[in-house]
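Colleague: Here you go, one structure.
The values are calculated or read from the model by the stated rules, or taken from the named source; none is laboratory data. Here the structure is a predicted model, which is why all the values come from computation and not from measurement. For neighbour counting, all protein chains shown are included, and Cβ atoms are generated from backbone atoms with ideal geometry for every residue, glycine included. Calculation scope for accessible area: heavy atoms of the full protein, side chains included, ligands and nucleic acids excluded. Shrake-Rupley method; radii C 1.70, N 1.55, O 1.52, S 1.80 Å.
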Amino acid sequence: MDILIAGGGIGGLTAALALQARGHAVTVLEAVREPKPLGVGINLLPHAVAVLDELGLLPALRAMAVETSALVFANRHGQAIYRDARGIAGGYSHPQFSIHRGELQMRLWREAGAKVTVLSGQRVANVRDEGSQAIAEIDTADGPRELAADLVVGADGIHSALRRRLAPDEGGPCWRGVMMWRGTSWAPPFLDGRTMVQAGHSRAKFVVYPIAAPRADGLQLINWIADRRVREPEPGLTAPDRADWSRAGRLDDLLPTFGRWRFDWLDVPGLITRAEQMLEWPMVDRDPLPRWRLGRSTLLGDAAHPMFPIGSNGATQAILDAKALADALATHADLDTALAAYEDARRPLCARIVDMNRREGLDAILDRVEALAPGGFEQLADVIDPAEVAAEIAAYKLAAGHRIRSTAA
Ligand SMILES: Cc1cc2nc3c(=O)[nH]c(=O)nc-3n(C[C@H](O)[C@H](O)[C@H](O)COP(=O)(O)OP(=O)(O)OC[C@H]3O[C@@H](n4cnc5c(N)ncnc54)[C@H](O)[C@@H]3O)c2cc1C
């Protein structure tokens with residue numbers, strides 16, 4: 001098939017590679033004129049790494065990422081509540097990687113550029129079906145143009161133009177009052193130099209993990225995300241500004257809350273103040289859609305299911321979509337049947353994750369510990385049953401589609 005993909009993000013580029021590997025002729029149309037390595041850190045869960053491994057990218061990932069050893073939940077005093085082993089040590093077939101989002105995108109961009117047609121400066125404004133073809137209407141610096149294909153995939157992110165065809169009255173993303181500040185800082189490694197920690201509670205939370213090996217001076221690039229509730233959730237609340245991945249954040253918005261979070265193993269204000277970049281983003285998502293396909297087009301990644309960035313699911317689910325779409329098109333000759341099979345494989349699961357993340361995902365554990373022991377604890381068992389925490393984490397991972405070999409989940 002001739003397939004057009006709107007959007008050269010992590011989801012669109014992985015789809016391009018997965019579809020090309022199944023023999024399709026793919027063209028990626030990216031709106032940005034000059035792609036740059038934008039963003040800060042993300043995590044790829046093992047089931048997404050397995051997909052990139054099938055595409056031959058595991059050595060490249062190993063070279064550019066940190067293999068995450070564990071996810072540690074901690075209170076706002078930095079005391080550990082639970083350590084969840086990740087990657088191979090956690091019983092998975094593949095590592096979990098902490099990686100710079102922009103560098104991963106650029107790596108995929110080069111890989112896709114060598115195998116399929118990748119065009120920048122091409123904003124897909126709309127798609128219409130004409131007979132047995134889909135026509136993409138594209139805005140470029142030289143004026144509008146049209147391209148025909150057998151299928152158009154909307155991988156054009158949270159403000160997707162293709163999604164608007166399915167939900168014309170949807171409006172802006174949903175916001176429930178939490179702002180996020182995301183930054184990277186060069187700092188000494190903490191813990192084992194490969195751990196991801198989320199500390200605090202749902203009103204003020206600090207997530208931190210390294211995304212590169214230490215350099216010669218011993219410093220390591222540390223990614224951090226500070227979430228703070230700035231409004232109480234209420235129906236119809238909309239984010240203060242259009243969610244823009246590149247808006248700069250301000251220290252003054254963070255230090256009053258996080259300025260005294262000095263842990264035994266990490267100086268949070270020290271890390272924040274030495275940030276080489278800091279970005280601000282409202283924690284937004286969208287309601288799950290009842291369908292992703294319309295005629296000869298479908299959606300993928302954030303265009304299909306933007307979700308709160310909890311549980312390392314953003315890029316992971318986009319990558320899993322890419323594989324599921326390629327598999328469905330390889331299994332079913334009829335396009336509509338294939339697109340329906342793709343949706344059946346992915347839409348209910350992604351809707352479930354959107355919902356779990358709205359209900360705070362695993363952060364609910366942090367809230368319970370904060371409510372019971374706001375000043376910290378001597379023994380965790382005095383506050384919460386560690387077995388209960390373990391069971392909750394296992395249940396979330398199962399519901400979110402983790403594939404742990406030892407439990408066949
Ligand atoms: C610039 C940027 C920075 C980000 N930084 C972070 C981060 O630091 N941390 C984090 O957790 N997540 C970040 N994300 C989001 C994260 O990459 C996604 O949640 C996840 O990877 C799913 O990717 P996606 O490919 O579905 O969407 P996206 O990564 O959003 O990619 C969508 C792509 O489509 C392009 N596009 C948009 N509209 C059109 C159109 N009409 N026609 C053609 N192309 C279009 C965009 O330019 C973009 O390249 C960022 C996204 C972007 C675009």
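Residues checked against (1) surrounded by 20 or more Cβ atoms within 10 Å (Cβ to Cβ); (2) under 25 Å from Asp363 (Cα atoms); (3) in contact with a strand residue (DSSP E or B) (Cβ under 7 Å, 6 or more places away or on another chain):
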| position | (1), (2), (3) |
| --- | --- |
| Gly218 | no, no, no |
| Arg260 | no, yes, no |
| Leu279 | yes, yes, yes |
| Trp292 | yes, no, yes |
| Thr298 | yes, no, yes |
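Colleague: If I filter the range 79-97 down to residues being in contact with a Gly (Cβ under 6 Å, 6 or more places away or on another chain) and crowded, with 22+ Cβ neighbours inside 10 Å, which single residue comes out as farthest from Val32 (Cα to Cα)?
Modeller: Pro95
Colleague: OK, next. Name, by its number, the condition in (1) under 18 Å from the mean Cα position of the chain (by Cα); (2) within 23 Å of Asp192 (Cβ to Cβ) that does not hold for Ile81.
Modeller: (1)
Colleague: Looking at the range 222-235, is at least one residue at pLDDT 95 or above and either assigned to a loop (DSSP other than H, G, I, E, B) or among the polar types (S, T, N, Q) (or both)?
Modeller: Yes, that holds for at least one residue.
Colleague: For His201, only one of the following conditions fails: (1) surrounded by fewer than 23 Cβ atoms within 10 Å (Cβ to Cβ); (2) in contact with a strand residue (DSSP E or B) (Cβ under 6 Å, 6 or more places away or on another chain); (3) not polar (S, T, N, Q). What is its number?
Modeller: Failed condition: (2).
Colleague: I'd like the residue in the range 18-50 that is farther than 19 Å from Leu335 by Cα and in a helix (DSSP H, G or I) and, out of all such residues, is nearest to the ligand (Cβ to nearest atom).
Modeller: The qualifying residue nearest to the ligand (Cβ to nearest atom) is Ala48.
Colleague: Return the residues of the range 186-198 that are part of a loop (DSSP other than H, G, I, E, B) and either touching a residue at least 40 places away in the same chain (Cβ under 8 Å) or open to solvent by less than 70 Å² (accessible area, probe 1.4 Å) (or both); say none if nothing qualifies.
Modeller: Listed by number, the residues that qualify are Pro189, Phe190, Leu191, Asp192, Gly193, Arg194.
Colleague: For Tyr342, state whether it is of a type in the set (Ser, Thr, Tyr) and more than 17 Å from Met307 (Cα to Cα).
Modeller: Here the answer is yes, as Tyr342 does meet what is asked.
Colleague: Given the condition assigned to a strand (DSSP E or B) and open to solvent by 30 Å² or more (accessible area, probe 1.4 Å), answer yes or no: does some residue in the range 147-164 qualify?
Modeller: Within the range 147-164, one or more residues are assigned to a strand (DSSP E or B) and open to solvent by 30 Å² or more (accessible area, probe 1.4 Å).
Colleague: Another question about this same structure. Evaluate the following for Ala395: is it open to solvent by 10 Å² or more (accessible area, probe 1.4 Å), closer than 30 Å to Gln133 by Cα, free of Cβ contacts under 8 Å to residues at least 60 places away in the same chain and of a type outside the set (Asp, Glu)?
Modeller: no
Colleague: Determine which member of the set Ala364, Ala304, Ala324 is modelled with pLDDT of 95 or more and either surrounded by fewer than 24 Cβ atoms within 10 Å (Cβ to Cβ) or under 27 Å from Met196 (Cα atoms) (or both).
Modeller: Checking each option against the conditions leaves just Ala324.
Colleague: Next question, about the same structure. If Pro168 satisfies all but one of (1) away from the ligand (no atom under 15 Å from the Cβ); (2) open to solvent by 50 Å² or more (accessible area, probe 1.4 Å); (3) assigned to a strand (DSSP E or B), what's the number of the condition it fails?
Modeller: (3)
Colleague: Right, next: Is one or more of the residues making up the range 1-11 more than 20 Å from the chain's Cα centre (by Cα), on the phi < 0 side of the Ramachandran plot, surrounded by 24 or more Cβ atoms within 10 Å (Cβ to Cβ) and within 11 Å of the ligand (Cβ to nearest atom)?
Modeller: yes
Colleague: Right, something else. Looking only at residues in the range 140-156 that are over 22 Å from Ala328 (Cα atoms) and in contact (Cβ under 8 Å) with a residue 40 or more places away in the chain, which one is nearest to the ligand (Cβ to nearest atom)?
Modeller: This residue is Leu147.
Colleague: Under the condition of being near the ligand (Cβ under 9 Å from one of its atoms) and in contact with a Pro (Cβ under 8 Å, 6 or more places away or on another chain), which residue from the range 102-119 is modelled with the lowest pLDDT?
Modeller: Gly102
Colleague: Given the conditions (1) in contact with a Ser or Thr (Cβ under 8 Å, 6 or more places away or on another chain); (2) without any contact (Cβ under 8 Å) to a residue 40 or more places away in the chain, report the number of the one that Glu137 does not fulfil.
Modeller: (1)
Colleague: Within the range 327-342, is even one residue part of a loop (DSSP other than H, G, I, E, B), in contact with a Ser or Thr (Cβ under 9 Å, 6 or more places away or on another chain) and either open to solvent by 20 Å² or more (accessible area, probe 1.4 Å) or under 24 Å from Ala21 (Cβ atoms) (or both)?
Modeller: No, the range 327-342 contains no residue that is part of a loop (DSSP other than H, G, I, E, B), in contact with a Ser or Thr (Cβ under 9 Å, 6 or more places away or on another chain) and either open to solvent by 20 Å² or more (accessible area, probe 1.4 Å) or under 24 Å from Ala21 (Cβ atoms) (or both).
Colleague: Right, here's the next one. Considering each of Leu329, Leu266 in turn, give the residue that is of a type in the set (A, V, I, L, M, F, W, C), over 18 Å from Ile5 (Cβ atoms) and more than 16 Å from the ligand (Cβ to nearest atom).
Modeller: After applying the criteria, what remains is Leu266.
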